[in-house]
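The values are calculated or read from the model by the stated rules, or taken from the named source; none is laboratory data. Remember, it's a predicted structure, so these values are computed and weren't measured experimentally. Positions of Cβ are generated from backbone atoms using ideal geometry, with glycine treated the same way; all protein chains shown enter the neighbour counts. What goes into the accessible areas is simple: the full protein's heavy atoms, side chains included, and nothing from ligands, DNA or RNA. Shrake-Rupley method; radii C 1.70, N 1.55, O 1.52, S 1.80 Å.
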Amino acid sequence: MASSDFLDELRAIVGEDYVIDHREDLLVYEYDGSVDRSMPRAVVLPANADEVSRVMALAYDAGVTVVGRGSGTGLSGGAITPPDGLQIAFPRMNRILEVDSINRTALVEPGVINLDLDNHVRKFGMRYAPDPSSQRACSLGGNIAENAGGPHCLAYGATTNHVIGMEVVLEDGEIVHLGSQAREASGYDLRGAFVGSEGTFGIATKILVRLLPTPESVRTFLGIFPDIDSACTAVSAVIGYGIVPAALEMIDALSIRAVQNVTDAGYPNDAGAVLLIELEGLREEVEEVTKEVESALWDTGAADVRIAEDDAERERLWVGRKTAFGAFGTIAPNYYLVDGVVPRTRLTQMLRKVNEVSERYGITIANVFHAGDGNLHPCMLFDAREPGVMDNAMAAAAELMEECAALGGTLSGEHGIGLEKKQFMPLVYADDDMAAMQRVREAFAPQNRLNPGKIFPDGSYYRPAPHPAAHTAGLYA
Amino acid sequence: MAGGAQPQTDEVRHSGGGIDAGHGFPYGVPFEGSLNDGPGFAGSDAPTEADLYRCVHCGLCLSACPTYVETQLETESPRGRIALMKAVHEGRTGISERLVSHWELCLQCRACEAVCPSGVPYGRLMEHTRAQVQDNNLASPALSRLSRLFLRAALPHNGRLRIAGHLMRAYQRWGLQGLVRRIGFLKALPGGLSEMEAQMPVMGDRFFSPSRRVYPANPRVYSSEGQSRMTVGLLSGCVMPMMQGDTMRAAVRVLQRNGCDVVTPTAQGCCGALNLHAGDLELGRQLARRNIDAFRSAGVDVIITASAGCGSSMKEYGDLLRDDPDYADAATEFAENTRDITEFLAELPLDPPQAELPWRVTMQDPCHLAHAQRITDAPRQVLRSIPGLQLTEMAESSLCCGSAGFYSLIQRDMSQRLQRRKIGNALATEAQVIASANPGCMAQLEQGLRNAESDVRVKHVVEILDAAYQAEG
Amino acid sequence: MVASGRVTDYAIGPFAPSAIVRPSEADEVAAVLEWAHRNDVAVYPSGGRTLSHLGNTPTRPGIALDMTGLNRMVDFQPADLTVRVQAGITVGQLDSELGQDGKCVPLAPPLAHRATIGGTLATGISGPMRSAYGLPRDWLIGVSVVGADGTMSKAGGQVVKNVTGYDLNRLYTGSLGTLAVITEATFKIAPAPTAWAAIIAVFENNQAAVAACRDLLSQPFAPQALHVLSPPAARRLGDPNIPAGYGPVAIALIAGRPASVKRRVEDTALAWLDAASALHIEGEEAADLIELLADFPVSPENPPSVCVRMNTSPDALENLLAMDHHEIGEEAPGVVADAGFGGGRLMWWGDLSGENAVQVAERLRHVQSTAAGLGGDAIVETCPPAAKELIDVWGPAPSGMAIMRRIKQQFDPNNVLNPGRFIGGL
């Protein structure tokens, strides 16, 4: 691909400044938020759907693979582009086109940042509920590709529950509309199939999202526990009570330490684990449920239960949670995160396994995760410069995913499969299950030009490489 | 590549690649060798591996970065710039003009550092990277020229600065400035000078004199009003006394009013911030030692500065001189005792003014206060202590105004884009006064307001507080 | 497993299948489909037959696949808030099993005591509480299906949060059994409400009703669901509490914990002081009203002769209420509009068998084009067979129709499953 003619034609579509093909510049389009890396042949930054369509048609005719990229915060290698592929990035398509207070929807371009949208619609007394931890940076287009989650998805559901319509460009450049404000439209739910398809079905160029009214009352608790087992029991107790909080997050001792290294989030340093719980709704409802949650926490051995006094304290508690993964940088220079899910009643069992794996492999593992919906994020902390450590971490990750599957869970709750979990798909899906999925991809993208080589096992394996810095430092003798 | 499947190789092919994965076809087939034959990082001042790999490229810095927000290009983002540093470190590319252009577009505002969940010391990484660029003589011509002219020749020398300042003031006061601007005389001068002229701050009517006459042996001491609570040292530094004489005098009065004896040691000088930002670590260290000596001999409890940029670099003296056996401890002590004046006043806490000051004020957070020193509440506390003052927040109050030391001279286009953005946000609040806490920002804001033909004024937080005290009569 | 029921019981309009098969396990379903695929026999899956009239009339001879034999609850995990059931279990049975534990899957399809889970998912039909609780697809977390060639596969899983692979749950939901036959489904479940209430208010005119609804929906105490019925629809609903007035009737449906229900009732009543008349009901009475609204489109007591489901956005509420002039013959439609979620139904009662099919079809096409003009679509759920022949009950092909065709082609290349009944002849 990518003859100079092709690049010239790209420039003719989007303008000189928005085709990046100098390899020194492309060094910064190699990565996303995870550990994978590959340099695309070129990056193109279109300004509107028409440009996207023309770029796609051009690439289609030239036989060039296209990979979409939002803000590059993904954690499964979804935006990693093969060496002769074209990366199409959306930071320029970042307008909020319309906020509709009657239909309670917003129409946005794919490059709009999740938190910017939420902040904007709050001026109208509404909110955009999905709140991935990267919400300050991640884009709506990327959220759609991964069906992104976040703490508040416990009560409100993931991205797919909030995206009701899309304008989409298919691999050959055709523009189609999926879903609309009329949410029970005729025909197959193509919108539902598209969300979470990891960029393999098409590129969303306009997104219609559902907004929720901001709640009348919000209450945020910190349940402080002596150990992780009792915190897990508390999670089951709360859910078993028939309470579905807006958010229910677990932060273990190591993560508390990491967070408190960076910022004073108000987590007690000596706790074995804390639960961050948020309730939302009518005053009366929050009042009533607060009592039930409190008693559930005390009954399961909480050392203390603290309720945020004001917005500032509430904000502080959340900042701690949302910066946890970055804060692991204060413990070790690298981390690798597993996004497995187990039924909520299996959390204790799963965390014991995590602990056991951690000891057996000699890898530090921190746990900060969406306990309310059983979505773990065991996070392996290591220094990639140590010989063999990557292999070790990957082997440990494999065991954790196997355990999730064995407990009736799954590989990914919100980060997607992408490159790095594709070889584990057979743990949860039989060949026939994956064949059915591939049929849908065949229908959307018959030529498989969009983000190929992701999601499904194809014989290529995740293969950790030695750290090059270690190499140059001579640690790899 | 579509269709051109390659067999997956078992051997790990790796010439570069970070904490990387080889996926076999079609991913993770890294290129071999280096992209160019530029030099790599070398020597003791190179960015350290520990600092570089603290960045896990999560991307949370993107939306905080002024140049990313303006360009939407990953190359002009903190994450991208660190990726380029890593690539040099890993030998995947040498330092090239292109890389330098991305690094030089960085304002070093450190907004990214304030939001970084991993605690990446971005400021330090960028200073060390620029040092490498300097060492290899790869800085852009504009930056090289400026750093010769100002950073090495002028700023470190208060005497030379003062003479230059007097000349500038005369030039501005006698109306030559307007004339020269009209006839376009400066356009005829070699590139850069006309730009500098446009950037030239309006010199104060009265300079602030840190000493009794020109450099006598004894420091000037301003006695506290009422009973003395403590003795504080005030940084007069390099250009502040000339550019911001009013601010300096207000600072002294405000400190006196709050029970402080104020000392301005004679031997002090430029804090070295601009040299450090440009990568001239050695000269930066010399200037730091000079200030440490000057304030140590003055016997003060705290060292106060009304310049956020200076404060941020003074608070990092400990880090800067950690390998200097003679100064390491003193530098750490100096850094720990340094306070921004708003921080100091809020900690005291200050004696609230009694008179009303019915101004509508919006606060512009200087990067080196908000991001480098993580101080955003203190200036607001000071402002809120003033009866009748109405504080209204502007959008993006902590997004860089584009001043950034000499940035406005070298990266004129980006600087002005950010200036317009900042002025737009400030004017949208309908405030009468923009409060700031850094001389560079104040000059940039003043220029932006002139361009926008606005009569909104710019004042340092302590000038506003001083005005409230003055109003007490 | 060939069943003894009369084929006419399994009729789809004028079409009767040639045989009925009633398997009791998934592998039997697989065997039937494998056989049908091999022998090129069309298969018409069937559940509680509450909505069997939905869709275009089949033309291809084939057999009915009665799924009601697969009627077990497979796994109920109250502490996980998940439940796995076979597709033939009725929604009513599931409700009562879960209800014993204070839980529910808030689906509320019409005639829930007969409607099966499989049928509810295949039709994607939603209930009157949809604006608060969402659509069936929002509760489905895993599904087992038998494909057109008899291959068994599954999608999703047993956990409430899952992005592993493509989301086929949503693709199967609402696909009218044209892609695969659902044999088992896993749902996330919710705590069941412990209190119900409804506020019923009559307004002077549509404008007043619309304004009152808009206001209420913007309040934090907004009800879980809010419907507006035109006067003829209100009369036909047959709830003794609904006043037989001449203005539009707004019904606010409230469910939840007692304290919050009380608050919503009080504040709604206050907000609606301007209504011509208002009353409120609670507990069982309110729950019955919800059920009545759910059953309304296929009400056994008062079945409409023509029923059109309007898929329009919430801001089209007033336009929808104004569609009561779309007469068929002498008969004007009643309108039930879902003010919170958007959309609703137009229903014509009375005997329309004497009406000219061409004119009925003409009118229905007009309704469909009006819906399109409002940015939505209209699905003809019920209508005389002769008129059905003349229209596509699903309306004009939407954007993405080509993708839908390719999906059908991929999943069912021999066109075995429910052929010809879905949109665009799928």
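Among the residues of region B:59-75, is any under 16 Å from B:Gly279 (Cα atoms) and either buried (at least 23 other Cβ atoms within 10 Å of the Cβ) or at the interface with chain A (Cβ under 7 Å from one of its Cβ atoms) (or both)? Give the derivation first.
Within region B:59-75, the subset under 16 Å from B:Gly279 (Cα atoms) is none.
Looking through region B:59-75, none of the residues is under 16 Å from B:Gly279 (Cα atoms) and either buried (at least 23 other Cβ atoms within 10 Å of the Cβ) or at the interface with chain A (Cβ under 7 Å from one of its Cβ atoms) (or both).
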Grab the strands (runs of 3 or more DSSP E) fully contained in region A:175-229, keeping just those with 1 or more residues being among the hydroxyl-bearing types (Ser, Thr, Tyr) and more than 25 Å from the chain's Cα centre (by Cα).
-> A:217-225
Out of curiosity, is C:Ala275 assigned by TED's automatic domain parsing to the domain that holds C:Phe203, open to solvent by less than 50 Å² (accessible area, probe 1.4 Å) and in a loop (DSSP other than H, G, I, E, B)?
-> yes
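Collect the residues in region B:293-319 that are under 16 Å from the mean Cα position of the chain (by Cα), within 25 Å of B:Thr48 (Cα to Cα) and not in a loop (DSSP other than H, G, I, E, B), keeping them in residue-number order.
From region B:293-319, those under 16 Å from the mean Cα position of the chain (by Cα) are B:305-317; that's our starting set.
Filter once more, so that each one left must be within 25 Å of B:Thr48 (Cα to Cα): B:309-317.
Of everything in region B:293-319, those that are under 16 Å from the mean Cα position of the chain (by Cα), within 25 Å of B:Thr48 (Cα to Cα) and not in a loop (DSSP other than H, G, I, E, B) turn out to be B:Gly309, B:Cys310, B:Gly311, B:Ser312, B:Ser313, B:Met314, B:Tyr317.
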Of the residues that make up region C:338-347, is at least one open to solvent by less than 10 Å² (accessible area, probe 1.4 Å), closer than 24 Å to C:Arg214 by Cα and out of contact with any Pro (no Cβ under 8 Å at 6 or more places or on another chain)?
-> yes
Checked against (1) touching a residue at least 12 places away in the same chain (Cβ under 8 Å); (2) open to solvent by 20 Å² or more (accessible area, probe 1.4 Å), C:Asp138 satisfies every condition except (1)
For region C:57-66, does any single residue satisfy the condition of being of a type in the set (Ser, Thr, Tyr), part of a loop (DSSP other than H, G, I, E, B) and not assigned by TED's automatic domain parsing to the domain that holds C:Cys383?
-> yes
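Find the residue count for region B:299-348, including only residues that are aliphatic (A, V, I, L, M) and free of Cβ contacts under 8 Å to residues at least 12 places away in the same chain. Talk me through it step by step, then tell me what you get.
Step one: filter region B:299-348 for residues aliphatic (A, V, I, L, M), giving B:300, B:302-304, B:306, B:308, B:314, B:320-321, B:328, B:330-331, B:335, B:341, B:345-346, B:348.
So of that shortlist, the ones also free of Cβ contacts under 8 Å to residues at least 12 places away in the same chain come out as B:328.
Result for region B:299-348: 1.
Quick one: in region A:137-150, of everything that is in a loop (DSSP other than H, G, I, E, B) and crowded, with 24+ Cβ neighbours inside 10 Å, which residue is farthest from the chain's Cα centre (by Cα)? Spell out the reasoning first.
The initial filter retains those residues of region A:137-150 that are in a loop (DSSP other than H, G, I, E, B), namely A:137-138, A:147-150.
The next check asks that each one be crowded, with 24+ Cβ neighbours inside 10 Å; those that pass are A:137-138, A:147-149.
Details: A:Ala137: 12, A:Cys138: 9, A:Asn147: 7, A:Ala148: 5, A:Gly149: 6 Å.
The residue in question is A:Ala137.
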Based on what the data block shows, is A:Leu115 within 14 Å of chain B (Cβ to nearest Cβ), open to solvent by 10 Å² or more (accessible area, probe 1.4 Å) and either at pLDDT 95 or above or more than 14 Å from the chain's Cα centre (by Cα) (or both)?
-> yes
Matching residues, region C:387-401, being without any contact (Cβ under 8 Å) to a residue 60 or more places away in the chain and in contact with a Ser or Thr (Cβ under 7 Å, 6 or more places away or on another chain) = C:Gly395, C:Pro398
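Listed residues A:Glu30, A:Glu16, A:Glu24; which is surrounded by 24 or more Cβ atoms within 10 Å (Cβ to Cβ) and either within 11 Å of chain B (Cβ to nearest Cβ) or without any contact (Cβ under 8 Å) to a residue 24 or more places away in the chain (or both)? Give the steps one after another, and end with the answer.
Values: A:Glu16 fails: surrounded by 24 or more Cβ atoms within 10 Å (Cβ to Cβ); A:Glu24 fails: surrounded by 24 or more Cβ atoms within 10 Å (Cβ to Cβ).
Criteria check complete, one pass: A:Glu30.
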Just checking, which of B:Asp340, B:Asp365, B:Asp351 is buried (at least 22 other Cβ atoms within 10 Å of the Cβ) and within 19 Å of B:Thr231 (Cα to Cα)?
-> B:Asp340
Here the qualifying pairs (Cβ atoms under 6 Å; residues six or more apart or on different chains; first in region A:233-255 and over 14 Å from A:Glu292 (Cα atoms); second of a type in the set (S, T, N, Q)) come out as A:Thr233/A:Thr300; A:Asp252/A:Asn367
Those helices (runs of 4 or more DSSP H) completely within region C:335-415 that have 2 or more residues that are at pLDDT 95 or above are C:357-373, C:401-411
For region C:60-89, name all the residues that are open to solvent by 30 Å² or more (accessible area, probe 1.4 Å) and under 24 Å from the mean Cα position of the chain (by Cα).
-> C:Thr68, C:Asn71, C:Arg72, C:Met73, C:Arg84
Taking region A:396-441 and keeping residues crowded, with 21+ Cβ neighbours inside 10 Å and among the acidic types (Asp, Glu) leaves A:Glu403, A:Glu414, A:Glu420, A:Asp433
How do the helices (runs of 4 or more DSSP H) wholly within region A:286-371 filter down when requiring 2 or more residues that are under 26 Å from the mean Cα position of the chain (by Cα) and surrounded by fewer than 20 Cβ atoms within 10 Å (Cβ to Cβ): which remain?
-> A:311-322, A:347-361
Quick check: anything in region C:310-326 farther than 23 Å from C:Phe15 by Cβ, part of a strand (DSSP E or B) and out of contact with any His (no Cβ under 6 Å at 6 or more places or on another chain)?
-> yes
Please specify each residue of region C:111-126 satisfying the condition of being in a loop (DSSP other than H, G, I, E, B) and crowded, with 24+ Cβ neighbours inside 10 Å.
-> C:Ala115, C:Ile125, C:Ser126
Close pairs (9 angstrom Cβ cut-off, 6 or more residues apart or separate chains): closer than 30 Å to A:Gly240 by Cα and within 14 Å of chain B (Cβ to nearest Cβ) in region A:326-345, open to solvent by 10 Å² or more (accessible area, probe 1.4 Å) and in a helix (DSSP H, G or I) anywhere | A:Leu337/A:Phe325
Within region A:271-283, is there a residue that is under 30 Å from C:Gly102 (Cβ atoms), more than 27 Å from the chain's Cα centre (by Cα) and crowded, with 19+ Cβ neighbours inside 10 Å?
-> yes
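Does A:Asp84 fit the bill of being assigned by TED's automatic domain parsing to the domain that holds A:Val195 and either modelled with pLDDT under 95 or surrounded by fewer than 24 Cβ atoms within 10 Å (Cβ to Cβ) (or both)?
Numbers: assigned by TED's automatic domain parsing to the domain that holds A:Val195: no; either modelled with pLDDT under 95 or surrounded by fewer than 24 Cβ atoms within 10 Å (Cβ to Cβ) (or both): yes.
So A:Asp84 does not fit the description; no.
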Looking at C:Met347, is it closer than 20 Å to C:Gly124 by Cβ and not assigned by TED's automatic domain parsing to the domain that holds C:Ala11?
-> yes
